[in-house]
Amino acid sequence: MDRWKGRVALVTGASVGIGAAIAKSLVQHGMKVVGCARNVEQIQKLSSECVSSGFSGTLIPYKCDLSVEDDMLSMFSWIKVQHQGVDVCINNAGLALPEPLLSGKTSGWKTMMDVNVIGLSVCTREAYQSMKERNIDDGHIININSMSGHRVVNSADAHFYTASKYAVTALTEGLRQELREAKTHIRATCISPGLVETEFAYRLFSENPEKAAATYKSIKCLQAADIANAVVYVLSAPPHVQIGDIQMRPVEQLT
């Protein structure tokens, strides 16, 4: 990770869970991390914790709604002015809403697509353009995907979310191909976790917190730090090695 010290990483959805763990880990490794989310207060608190822990990097909070393109474009413009640009982009922000295919609300489907697919794509495009205009040839774009991007579980509440994550699988491979055609050494990687103990299930089952708690108690889940460790592993790979997709699930997880 030494080559990343002092360089700029963008982590979306950095206020809680996996995003917060990734941001903290990259700061610990000496990176300058712009952490964005709608709830910037939690990132500010995490930034203070990084300072008090004596980490060599810095965490810069930025308020951004990943469903609003103008917010994202403004964020990249601000990063360009304040920090030259982005060298690493971690597309972590994502959400699931319980909207089945046969009875779900169109508004819920659009929200999932806006954040999980369109927001990810806008950040990917803008990060690449930032790298290109500064002749950064060793950048990295990492999409935090899901095992739901690789198989369909028998849960109606998750089917549209699953479709959005299948899109992330396709987008990451398409990105890899376009980067190769562009003759750049910028790399693209997916990390696809199974069940991770975060706030995710509590948001999905917001009207039934007992169901969320039961989900996490059913097996020994992955922790957010496990995903952050995978990000560090990916970024630490030698320049000639491209890690396409890391699929990781709890040992006890059946599907």
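Among A201, Q42, L26, pick out the residue whose Cα is farthest towards the positive end of the charge dipole of region 2-238, where Lys and Arg carry +1 and Asp and Glu carry -1 on C-beta, about the Cα centre. It is L26, whose Cα lies furthest towards the positive end.
Counting only the backbone N, which residues of region 129-157 are under 20 Å from the spot 7 Å out from the Cα of E210 toward its beta-carbon? Flagged as within label range: 157. Between region 37-82 and region 118-180, the C-alpha centres lie 21 angstrom from each other. Measuring from each cysteine beta-carbon in the chain, the ones with no other cysteine beta-carbon under 4.7 angstrom are C50, C89, C123, C190, C221. The stretch between V251 and V232, if pulled fully straight at 0.36 nm per residue, gains 4.7 nm over its current Cα-Cα span.
Between S77 and A182, the modelled labels are 2.1 nm apart [label points 7 Å from Cα along Cα→Cβ].
Summed over the residues of the chain and divided among them, the accessible surface reaches 47 Å² per residue at a probe radius of 1.4 Å. Dipole check for region 2-238: with +1 at the C-beta of Lys and Arg, -1 at the C-beta of Asp and Glu, and the Cα centre as origin, the magnitude is about 380 Debye. On region 2-238, 53 percent of the accessible area sits on carbon and sulfur atoms, based on a 1.4 Å probe.
Which links in K63/K110; K32/K63; K105/K211; K45/K211; K45/K165 stretch past 23 Å when you go from one Cα to the other?
K45/K211; K45/K165
A simple count of charges around A14, restricted to other residues whose Cβ falls under 14 Å of its Cβ and scoring Lys, Arg +1 and Asp, Glu -1, yields +1.
Near G194, the amide H atoms lying under 5 Å from its own belong to M147, M248, R249; only residues 5 or more places off or on other chains count, and H is placed 1.01 Å from N. Here the spin labels are modelled as points 7 Å beyond Cα on the Cα-Cβ line, and at E41 and K63 they lie 1.1 nm apart.
Positive contributions from Lys and Arg (+1) and negative ones from Asp and Glu (-1), summed over other residues with Cβ under 14 Å from the Cβ of P98, come out at 0. Taking Cβ atoms as reference points and 15 Å as the exclusive limit, the residues near L73 contribute a net charge of -4, counting Lys and Arg as +1 and Asp and Glu as -1.
The values are calculated or read from the model by the stated rules, or taken from the named source; none is laboratory data. None of these values were measured; they are calculated from a predicted model. So basically every Cβ, Gly included, is an ideal-geometry build from the backbone, and we count neighbours across all protein chains shown. What goes into the accessible areas is simple: the full protein's heavy atoms, side chains included, and nothing from ligands, DNA or RNA. Shrake-Rupley method; radii C 1.70, N 1.55, O 1.52, S 1.80 Å.
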